[in-house]
Amino acid sequence: MTTLILWLLDRTAPLFRALDADYGQLRAIVQVKLIMDNRRNIVSLGRYGKQSAENNNSFVRILLIYTVVGVVISLGMLAIPPQESLFLPLTLQFSYIMALCAMTLISDFSSVILDSSDNQIILPRPVGNRTLWLARVVHITSYLFGIALSLSVGGVLIVGYRFGPLAGLMFMALSLLSAVLMVFLTNLFYLVLMRFISEEKLREVINYFQILMAVLFYGGYQLLPRLIGSQDAISRIIDHQWWHYLVPPMWMAATVDVFVKPVLDVNHLIFAALALLMPVAGIWFMNRFLTTDFTQKLSDIDSERRPEATAFSAQQSPWGQTSWLEQLATWVTTNSLERAAFAFTWRVTGRDRKFKLKTYPQLGFGLAYVVAMSFQGGSLGSSGFFYLFALYFAGLYVMVAQYQLGISDNYKASWIYGSAPIQTPGAVLLGALKALILKLLLPFYVILASYILYRYGLDKISDVLLAFSNSLVMLVSSALLSTRYMPFSLAPDALKQNNTARGLLTSLILAVIGFSHYGLTFIPYGVWVATPLSVGIFFLLLQYYKKTAWSAIEMG
Amino acid sequence: MTPVIQLQNIHKSYGSTLVLKGIDLSVSPGQIVGYIGPNGAGKSTTIKILIGMLPDFTGEASVLGMDVKTQSLDIKRRIGYVPENAALYDTLTPMEYLQFIGQLYALDPAHIDRKALDLLRLFQLSDYANARMTTFSKGMRQKVLLISGLLHNPDVIFLDEPLSGLDANAVVLVKEIIRQLAGSGKTIFYSSHIMEVVEKISDRIIIINQGQIVADGTFAELQHQRPESLEQLFAQLTGSDGQTGIAEEFIHTLNN
């Protein structure tokens, strides 16, 4: 894939020279970046999972999935409607492509866009701002083109088959332009963000933005099938409004429409002009005016971090946050080792951006899924035991967090477990697990429970309690069953890929418990009786977990 | 002789904290300048300004007669920089990394290949030339970093803690390389915490404390003012005298 991208790049070399970049340097930077992406487990592509040794397998896999999704959506939206009412389906297609590009950019590539590790290596070299910026854009765009193409290939074929190859080609070209437009808009977005927020806050804000995006991303999957479902709603012809000129997907759709119908009126001409000119103009504009600013801001991020950090820790009073956390720790733990692990885990989970990025979206999605399902008029959402399903289903997402607990970028610091005289590592594990339960699981369940109670009535409180307790039991069991690691002791890519079997087993057990719970609801007071039992099992299991010996722990 | 490095009244602040408070400095060709100071004194900031990485400072700065603010690209082509924290793309092999760096200076690939291999051999890294640097020790990385900073045969060389992680033999070798580079007319600007090394190889020593130069001269000149070792002189000038007392207190606290 790298060779292909570089080959294409060489073909377009004059373009970059015209943009005032040093092509030799640009090519060298892009090449090195691609090689590095292939080699490391692309952290920025974290969601795409583990990378194997020397290829882009998981990215290719993602592209395949996108292709399938794209084909399904295109079949649903583009295959049936008559050609005069294709405008809205086309708009939705392009919206989908643009949304996915934007989300990928923000959630997966912001670390690439805002990468300040280049500062030490490339900035001291005679590389112009423009060249560096363009190299970054090319690097990112090469991925985005892959995504845009795989999403649109279905649509391209359908449109090409129904309305001639020219329309199909147009569809494809406009998908690529959509990706370019998104690069421009995202860059603009970051610049605006940088202008209004102080730099040291920027990474934090982006982190939360990524989390939000990820939730929306998953939520989008829920929404989309229903859009496809209502066939007649989308095939209706919409009247032209002035604000349509402000909606980028409509530019693209109208331009394809020109070849689909075919038609050529003033409206379509304006749309087509916007579609073709805006991405190019955007890139030109950024290249002309914003690059210097951008790299400058980036090098600021890096250099400003250290002084700010010292100022921060100086401000924090030793008895501020520490005391209530210590207080909480003394309440819920039984010995000092456990207490230390509890406070340690509490703090790290709140500060490690990677951890937050891996876990919070999952939790958010759990909530989003439940809410979306409960509104769905279909079979499951309205059935009597949906709220139970929701409660247990959400429990699955908490387990992901437990899984992430062993992983950290600072895994090397885990030498401390080896050098400190720790006799009962189980206490450390237990402290960490308790922190996780109190910090993530409890608030998550409170929100979930509030929603369930609000929607299905207060009398479901007994079920909520039992489900919560059962989820805790599941959490500890899953911790007991899986390989045990000390908290934050594993390199991010070191985790073995054995989660499929474990995941299957967990969902199976979860289903059994869930259905038993459902059965209990038919017995008077059954749930109330079962709850203390479940709580008892939970504490029993905790004791087992606490007894974990060194022999049962795998060090990274 | 026209100075190679010239700084006039340089001020630089990060946010509201003033890091450099008026640095004046002039270095002639062929000098080895040891630039020392406690952590946070502004050493790295000075170097970053000189190599054109931090354009937003006030005052006049020029390197090789070119203005740092307006001609940074031209300056960068003729200087070498070895940063302190071993920042390199460690998923690459040394050869790939050096090839990449060479391309940024628009050197001929075949030429880079030959040169890089030779330099790696001289640093006894031939066997690792095509191994990924993720597994490299700090010293090995530092060697690659040194080569990457010198590959394009620069006229002025900025070294930030160049000996960190190197074993004793490599330290001797690098010291000798620095000396011979200066002998061939190149200017070395070099910051370090290791006083013995600075004392031995520098033609001129500049001590900076809290963003200001507090001493400037050859070691002999500095010794003339206060005839102790550089270490003691350093402690005195940077206001951290009485380390013995602190050490005693430290032991005392441990025993409690």
Q) Condition test on residue A:526, is it at pLDDT below 80 and either touching a His at 6+ places or on another chain (Cβ under 7 Å) or assigned by TED's automatic domain parsing to the domain that holds residue A:442 (or both)? A) no
Q.
Among the listed residues A:412, A:434, identify the single one that is of a type in the set (Lys, Arg) and farther than 23 Å from residue A:326 by Cα.
A. A:412
Q | Residues (modelled with pLDDT of 85 or more and under 12 Å from residue A:403 (Cα atoms)) located in the stretch A:468-478 | A | A:475, A:476
Q) Does the stretch B:61-78 contain at least one residue that is hydroxyl-bearing (Ser, Thr, Tyr) and touching a His at 6+ places or on another chain (Cβ under 7 Å)? A) no
Q) Since residue B:78 meets every condition but one in (1) surrounded by fewer than 19 Cβ atoms within 10 Å (Cβ to Cβ); (2) facing another protein chain (nearest Cβ under 8 Å), which condition does it not meet? A) (2)
Q.
Return the residues of the stretch A:508-530 that are surrounded by fewer than 12 Cβ atoms within 10 Å (Cβ to Cβ) and of a type in the set (Phe, Trp, Tyr); say none if nothing qualifies.
A. A:522, A:525
**Q.** Among the residues listed as B:84, B:60, B:96, the single one being farther than 28 Å from residue B:175 by Cα and among the charged types (D, E, K, R)
**A.** B:60
Q. Hey, any hits in the stretch B:108-116 for a residue that's within 13 Å of chain A (Cβ to nearest Cβ) and of a type in the set (Asp, Glu)?
A. yes
**Q.** Pairs where the first residue, in the stretch A:142-153, is assigned by TED's automatic domain parsing to the domain that holds residue A:98 and the second is outside any helix (DSSP H, G or I), C-beta under 9 Å, 6+ apart
**A.** A:142/A:1; A:143/A:45; A:143/A:109; A:144/A:109; A:146/A:1
Q. Of all residues in the stretch B:234-255, how many are part of a helix (DSSP H, G or I) and within 12 Å of residue B:209 (Cβ to Cβ)?
A. 4
Q) Regarding residue B:98, is this residue among the hydrophobic types (A, V, I, L, M, F, W, C) and in contact (Cβ under 8 Å) with a residue 40 or more places away in the chain? A) yes
**Q.** Single residue of the stretch B:130-143 satisfying the filter (away from chain A (no Cβ under 12 Å) and part of a helix (DSSP H, G or I)) that is nearest to residue B:91 (Cα to Cα)
**A.** B:135
Q. Out of all the residues in the stretch A:238-249, is one or more closer than 25 Å to residue A:74 by Cα and modelled with pLDDT of 80 or more?
A. yes
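Each row is one residue, and each column tells you yes or no for (1) loosely packed, with under 15 Cβ neighbours inside 10 Å; (2) modelled with pLDDT of 80 or more; (3) within 29 Å of residue A:337 (Cα to Cα).
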site: A:487; (1), (2), (3): no, yes, yes
site: A:506; (1), (2), (3): no, no, no
site: A:532; (1), (2), (3): yes, yes, yes
site: A:536; (1), (2), (3): yes, yes, yes
site: A:547; (1), (2), (3): yes, yes, yes
site: A:552; (1), (2), (3): yes, yes, yes
Q. Would a scan of the stretch B:162-169 turn up a residue that is closer than 27 Å to residue B:74 by Cβ and either part of a loop (DSSP other than H, G, I, E, B) or at pLDDT below 90 (or both)?
A. yes
Q: Identify the single condition in (1) at pLDDT 50 or above; (2) within 14 Å of chain B (Cβ to nearest Cβ); (3) surrounded by fewer than 17 Cβ atoms within 10 Å (Cβ to Cβ) that residue A:38 does not satisfy, given that it satisfies every other one.
A: (3)
Q.
Suppose the filter is in the same structural domain as residue A:525 (by TED's automatic domain parsing), within 27 Å of residue A:541 (Cβ to Cβ) and not in a helix (DSSP H, G or I); does residue A:422 pass it?
A. yes
Q: Determine, yes or no, whether residue B:53 is of a type in the set (A, V, I, L, M) and within 9 Å of chain A (Cβ to nearest Cβ).
A: yes
Q | Those residues of the stretch B:148-176 which are surrounded by 15 or more Cβ atoms within 10 Å (Cβ to Cβ) and aliphatic (A, V, I, L, M), in sequence order | A | B:150, B:151, B:156, B:157, B:159, B:163, B:166, B:170, B:171, B:173, B:174
Q) Does the stretch A:439-451 contain at least one residue that is surrounded by fewer than 22 Cβ atoms within 10 Å (Cβ to Cβ), polar (S, T, N, Q), in the same structural domain as residue A:511 (by TED's automatic domain parsing) and under 13 Å from residue A:478 (Cβ atoms)? A) no
Q) Within the stretch B:9-22, is even one residue touching a helix residue (DSSP H, G or I) at 6+ places or on another chain (Cβ under 9 Å), surrounded by fewer than 20 Cβ atoms within 10 Å (Cβ to Cβ), more than 21 Å from residue B:182 (Cα to Cα) and more than 13 Å from chain A (Cβ to nearest Cβ)? A) no
Q: Would you point out which residue out of B:43, B:48 is without any contact (Cβ under 8 Å) to a residue 12 or more places away in the chain, within 14 Å of chain A (Cβ to nearest Cβ) and surrounded by 21 or more Cβ atoms within 10 Å (Cβ to Cβ)?
A: B:48
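The values are calculated or read from the model by the stated rules, or taken from the named source; none is laboratory data. Please read these numbers as outputs of a predicted model, since none were measured by experiment. Glycine gets a Cβ as well: all are built from the backbone with ideal geometry, and neighbour counts include every protein chain shown.
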